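Take a look at the structure set out below.
The values are calculated or read from the model by the stated rules, or taken from the named source; none is laboratory data. This one's a predicted model, so the numbers in the text were calculated from it and none came from an experiment. Here the Cβ is made from the backbone with ideal geometry for all residues, glycine too, and neighbour counts use every protein chain on show.
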Protein chains: 2
Amino acid sequence: MKNFMYHIPTKIHFGRGAISNLPDSIKEYGNKVLLVYGGGSIKKLGIYDEAVKLMNENGIEFIELSGVEPNPRVETADRGAKLCKEHNVEVVLAIGGGSTMDCAKAIAAGANYDGTIWDFVSGKSKIGKVLPIITIVTLAATGSEMDTSAIITKWETNEKAGLTGPNLRPKVSILDPEYTFSVSKYQTAAGTADIISHVLEVYFNNNPGAFLQSKFCEAVLKTCFKYGHIAYKEPKNYEARANLLWSASWAINGLCTKGAPVGWSVHSMEHELSAYYDITHGVGLAILVPHWLRHMLRKENAYKYAEFGINVLGIDSTLDEMDIANKAIDALSKYLKEMDLPSTLTEVGIDETYFDIMAEKAGKGLANAFIPMNKDDVLAILKASL
Amino acid sequence: MKNFMYHIPTKIHFGRGAISNLPDSIKEYGNKVLLVYGGGSIKKLGIYDEAVKLMNENGIEFIELSGVEPNPRVETADRGAKLCKEHNVEVVLAIGGGSTMDCAKAIAAGANYDGTIWDFVSGKSKIGKVLPIITIVTLAATGSEMDTSAIITKWETNEKAGLTGPNLRPKVSILDPEYTFSVSKYQTAAGTADIISHVLEVYFNNNPGAFLQSKFCEAVLKTCFKYGHIAYKEPKNYEARANLLWSASWAINGLCTKGAPVGWSVHSMEHELSAYYDITHGVGLAILVPHWLRHMLRKENAYKYAEFGINVLGIDSTLDEMDIANKAIDALSKYLKEMDLPSTLTEVGIDETYFDIMAEKAGKGLANAFIPMNKDDVLAILKASL
C-alpha cells in the first residue's frame with residue numbers, strides 16, 4: 001500500500017426529503033447564492049421550485065445561471081464566475097448531474113480570479129480561493145458531489161480536461177434517490193457505465209498490496225452490476241436508485257484510490273471523444289472499457305481479470321485464468337449492451353478522422369496505467385472500438 | 001436504505017513516516033498540547049521521542065498525561081481534563097491504541113466542563129465544546145482514530161460505557177503501519193477480533209436494501225480474514241499491518257453503518273465483561289461473537305449467514321442455507337482459535353457470578369439487533385460462552 005493522505009470532509013444528506021437540509025447548509029457559508037442548473041428538467045420535476053421555496057422562506061438571496069451544457073463549456077463557467085463577482089455571491093449551488101456540478105465547481109474556482117477559468121486547466125494559473133460549493137444531485141454517475149475535480153470543455157480547440165483542487169470538493173451534497181427516478185433509460189445506463197469505469201480504472205492497477213481498496217472497488221462494482229439493470233427496467237425502484245447514487249459518490253471520492261496507483265486511461269481517451277464529437281461521457285466509456293481491458297490483457301496480468309471475473313461477476317473459479325479473463329470482458333460487454341448502450345464508435349457517428357490527434361493527446365500521461373500505455377496503444381483501442 | 005447524514009472530516013496521514021505531518025496538524029489548532037499515552041511502549045519504540053522532537057523543533061509546548069489504563073478509568077480522564085484547564089491546553093494528542101485514544105477523547109470533552117466526565121456517559125450533562133483531538137495510532141483495533149465515540153470505565157460501579165458526539169471525531173489521525181509491527185501476537189489477535197466484531201454487528205442487520213453497505217462490510221471482513229493470520233505470524237509484514245490498520249478505521253467510522261440499522265449487541269455484552277473482570281476488549285468479543293451468531297440463527301434469517309459464509313469465507317454455495325450458516329460460524333470460531341484467542345469465558349476466569357446483573361444491563365436497548373434481544377437472550381449467550 002502506498003503512503004497517502006485521505007480527507008473527505010463533504011457532508012452528505014442522503015434519502016427522501018434530504019433537500020430540507022438545504023437552508024441550513026447554505027447559511028453555514030453565506031446568504032447569497034448562485035444557483036446553477038442545466039435545462040428545464042429540474043423545473044419539470046419540482047426540484048427547482050422546492051429549492052427556491054426553501055431559499056425564499058429562509059431569507060437566502062439567489063441569482064441564476066441556467067443552460068449549462070452536457071460537456072459544459074468554459075465560456076458558460078466564465079459567465080458564472082462573472083455573475084459571482086458582480087453580485088458578491090458567497091455560495092455556488094448546483095442542481096443537476098455531473099455537467100452542472102462540474103460547471104458550478106469551475107465557477108466557484110473562477111469567482112475570485114480575473115482571467116478565464118481555462119487558465120486553471122492549462123496550468124497558466126493555480127486555483128486560489130474557491131467559493132463554497134453545495135450540490136443537489138439528480139444523476140448517479142460522475143461522483144462530482146464528493147470529489148475534487150471538474151471537467152470542462154473548450155470547444156473551439158476540442159479540448160476537454162479537468163481542474164482539480166481540494167477546495168473543489170463540495171462542502172455539502174444532497175442526495176435524494178427519488179430525484180433520479182425520472183432519469184431516462186439512456187442516462188441511467190450511461191451513468192452506470194461511468195461508475196463502473198471509474199472503479200475499473202482504479203481496480204486494474206499495479207499494487208496488489210492495496211487489498212482493502214481492491215475489495216472496496218469490488219463492493220461498488222457488485223452494487224452497480226446488481227442495480228444498474230434494475231434501475232434501467234424499474235426507474236422508480238428506490239433501492240436500486242439509492243444504491244447506484246451512493247455507489248457513484250464512493251467510486252471516485254478517494255476511498256478506492258488512496259494507497260493505490262491510478263491511471264485514468266479510459267477517461268483520458270473518452271475526453272477526446274467528447275471533445276471532438278460532444279457525445280455522452282458514459283456512452284463513450286461504455287464503448288471503450290471492454291476494448292481497453294482486452295488490449296491490456298496478457299498472461300502475466302490475467303490474475304487481476306480473474307479476480308474481477310470471479311469476485312464481481314461470479315465466473316467459475318476453476319477455469320483457466322485467461323479463460324476467466326476473456327469471459328469477464330465478454331460478460332461486461334454483454335451487461336452494458338443489455339442496457340442498450342452502443343458498443344461501437346461507429347454507432348455514435350465516430351470514424352477514424354481524428355484518431356491520430358486524439359491518440360496523441362490521450363496517450364500522454366498513461367505511464368501509470370495497468371500496463372504503461374502510449375499513443376500506439378490508444379490508437380489500437382480506438383480502432384478496435386470502431 | 002434508510003435516510004442518513006454522512007460526515008467524516010477526519011484527515012488521515014497514512015504510511016511510513018506519516019508522523020512528519022504532526023507539527024502542521026497540531027499548529028492548525030493551537031500550540032499547547034496535552035500528550036496522552038499509556039504505558040512505556042511508545043517510549044521503547046521511539047515514537048514518543050520522535051513526537052517530542054517534532055514538537056520541540058516546531059515550538060509546540062506540551063504537558064503529559066501518562067499511564068492510561070486498558071479499559072481507561074474515568075478518574076484518569078478527569079485528571080487529564082483538569083490538566084487541560086490548568087495549562088490552557090488547546091489540542092489533545094493521543095499516542096496509542098483504543099484505550100489511549102478514547103481517554104484522550106473523553107479528556108477533550110471534559111476540558112471545558114466543570115463536573116466529572118462521567119456526566120456525559122450517564123446523561124447528566126450534554127457534551128459542549130470539545131478540544132481538537134489528534135491521534136497517532138499504534139494498534140489496529142477500535143477505530144477510535146476516525147469515529148465519534150469514547151468508551152470509558154467507572155470501576156467502582158462496574159460500568160463501562162461510552163460518550164458520543166460529532167466533535168469527538170479526531171481532526172487528524174496519523175497511521176503508520178510500522179508503528180504496529182511490535183504489537184504482541186495476543187493484541188494483534190484481539191485487535192483483529194475487535195474489527196471483525198464491529199463489522200459483523202453491522203453486517204447482520206435487518207435492511208437488505210443497504211446493499212452497498214453490506215458489500216463494504218464484506219470488503220473489510222475479507223481483509224481482516226486475509227491479513228489477521230499473516231500479521232499474527234509475521235508481525236513485520238507491512239502489507240498485512242497496513243491493511244489491518246486501514247480496515248480498523250473503516251469498520252466503525254460510519255461507512256458501513258450509515259443507511260443500515262445497527263444493534264451493537266456484542267459490544268454491549270462485552271462491555272459488561274470488561275466492567276466486572278477488566279479483560280481485554282477484543283478477547284471478550286472473540287469469545288462472544290460465535291455464540292451470539294449461533295443464538296440468533298434460525299431458518300428465516302439463515303440467508304444472511306449464508307451470504308457471510310459464501311461471500312466472505314468462501315463456503316460452497318450449493319449447500320443448504322442452514323448448513324452454510326453453521327459452517328460459517330464454525331469457520332469463524334476456528335479462525336479466531338488459530339490466533340490462540342480464548343474461546344470460552346472460563347478460560348479468562350469468568351464464571352456465572354455476575355451473569356444476571358450483566359444480562360440485565362446489556363439486555364437493554366438491543367431491540368435493533370438482528371433479532372430483537374432481551375435479558376434472557378444475553379443470559380443464554382453468556383451461558384453458552386462458559
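Remarks
- Filter result for residue B:301 (surrounded by 15 or more Cβ atoms within 10 Å (Cβ to Cβ), in the same structural domain as residue B:214 (by TED's automatic domain parsing), more than 25 Å from the chain's Cα centre (by Cα) and assigned to a helix (DSSP H, G or I)): yes
- Among the residues examined, residue B:263 does not qualify as away from chain A (no Cβ under 14 Å), in a helix (DSSP H, G or I), more than 25 Å from residue A:207 (Cα to Cα) and under 18 Å from the mean Cα position of the chain (by Cα).
- None of B:258, B:226 is more than 15 Å from residue B:201 (Cα to Cα), touching a residue at least 12 places away in the same chain (Cβ under 8 Å) and within 11 Å of chain A (Cβ to nearest Cβ) except B:226.
- Residue check, residue B:102 at pLDDT 95 or above, over 9 Å from residue B:34 (Cβ atoms), among the charged types (D, E, K, R) and surrounded by fewer than 22 Cβ atoms within 10 Å (Cβ to Cβ): no
- Some residue of the stretch A:336-352 being modelled with pLDDT under 95, assigned by TED's automatic domain parsing to the domain that holds residue A:267 and of a type outside the set (Gly, Ala, Ser): no
- Selected residue [of a type in the set (Asp, Glu) and more than 23 Å from residue B:267 (Cβ to Cβ)] from B:114, B:119: B:114
- Selection count, the stretch B:252-283, where residues are over 17 Å from residue B:383 (Cα atoms) and not charged (D, E, K, R): 17
- Of all the residues in the stretch A:293-308, those that are out of contact with any Phe, Trp or Tyr (no Cβ under 9 Å at 6 or more places or on another chain), of a type in the set (A, V, I, L, M, F, W, C) and within 21 Å of residue A:224 (Cβ to Cβ) number 1.
- Of all residues in the stretch B:182-194, none satisfies being within 14 Å of chain A (Cβ to nearest Cβ), over 19 Å from residue B:264 (Cα atoms) and modelled with pLDDT of 95 or more.
- Selection count where residues are more than 12 Å from residue B:295 (Cβ to Cβ) and in a loop (DSSP other than H, G, I, E, B), scope the stretch B:348-373: 9
- Pairs where the first residue, in the stretch A:202-218, is within 12 Å of chain B (Cβ to nearest Cβ) and the second is in a helix (DSSP H, G or I) and among the charged types (D, E, K, R), C-beta under 6 Å, 6+ apart: A:209/B:239; A:215/B:222
- Looking only at the stretch A:272-289, residues that are surrounded by 22 or more Cβ atoms within 10 Å (Cβ to Cβ) and over 18 Å from the mean Cα position of the chain (by Cα) come to 0 in all.
Conditions tested, residue by residue: (1) at pLDDT 95 or above; (2) buried (at least 22 other Cβ atoms within 10 Å of the Cβ); (3) within 14 Å of another protein chain (Cβ to nearest Cβ).
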| residue | (1), (2), (3) |
| --- | --- |
| B:13 | yes, yes, yes |
| B:18 | yes, yes, yes |
| B:21 | yes, no, yes |
| B:24 | yes, no, yes |
| B:35 | yes, yes, no |
| B:55 | yes, no, no |
| B:84 | yes, yes, no |
| B:87 | yes, no, no |
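- Meets criteria (without any contact (Cβ under 8 Å) to a residue 12 or more places away in the chain, over 21 Å from residue B:249 (Cα atoms) and either within 14 Å of another protein chain (Cβ to nearest Cβ) or of a type outside the set (Phe, Trp, Tyr) (or both)) for residue B:31: no
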